[in-house]
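A quick write-up on the structure given underneath.
The values are calculated or read from the model by the stated rules, or taken from the named source; none is laboratory data. All values reported here derive from a predicted model rather than from experimental measurement. Neighbour counts are summed over all protein chains in view; Cβ atoms, including those assigned to glycine, are modelled from backbone coordinates with ideal geometry.
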């Protein structure tokens, strides 16, 4: 029988954080959700006081500034929140003997490889967001030995603003679609990610993990599959290269993650296409 845990989830007001609170609670754990209104992670004293009161066994640190282009425009702010803020969380958790599970990103890699990145692959971020998440990883490693670093990529969720929602909304509105063909990673469904994070916590094994839906694709392939399955097979998509889509941040071009460490514990996520189907079905949009 697995042990029940007391868990603080930061970023509980976000799509992943909210799903984590729901998932962990459903599995019987004692969960405290901390949104930005409850906890300012850049304030070291506030973080320590919050954890001193809560006394959790684990902190799942999902709070982050995830606006990648915003991070490129304000790199110091990105580093403050995603880097130093994570250090505050790691330190406060260590002070009370709690573990930290930190949600990181595929953007800690440079995207120059030709095979999916394993957990031990050397990191080399090429943009401000990736650098800030890398700084968070370093803070966790140096401050709190009881940690999990959980990298993921291309999250899609119910509600909010993400790639799949933008594509479906644009198609429904009859807008022209132009999607990049040479940016490649793993689309990952927040519902699946939350379940896999919960499973890892229950294993109580420290380390670095890559939790993504299986398989990888280009942005174009992701968009095309979602549209086809949602009944928009006749909607055309113009294929473009990344340099034709001007944006403040430079993403890694090939950054799929390989789940080897979690898979060895039996924690695996389904294929990304099955995850997209499940997402669309839950939204009442599955047609294909």
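The number of residues in segment 99-115 that are surrounded by fewer than 24 Cβ atoms within 10 Å (Cβ to Cβ), more than 17 Å from residue 242 (Cα to Cα) and modelled with pLDDT of 95 or more comes to 2. Looking at segment 148-162, is at least one residue in contact (Cβ under 8 Å) with a residue 24 or more places away in the chain and farther than 21 Å from residue 9 by Cβ? Looking through segment 148-162, at least one residue is in contact (Cβ under 8 Å) with a residue 24 or more places away in the chain and farther than 21 Å from residue 9 by Cβ. With (1) under 30 Å from residue 97 (Cβ atoms); (2) not in a loop (DSSP other than H, G, I, E, B) as the list, and residue 274 as the residue in question, which single condition is left unmet? The single condition residue 274 does not satisfy is (1).
Quick check: is even one residue across segment 193-202 modelled with pLDDT of 95 or more and not in a helix (DSSP H, G or I)? The answer is no; no qualifying residue exists.
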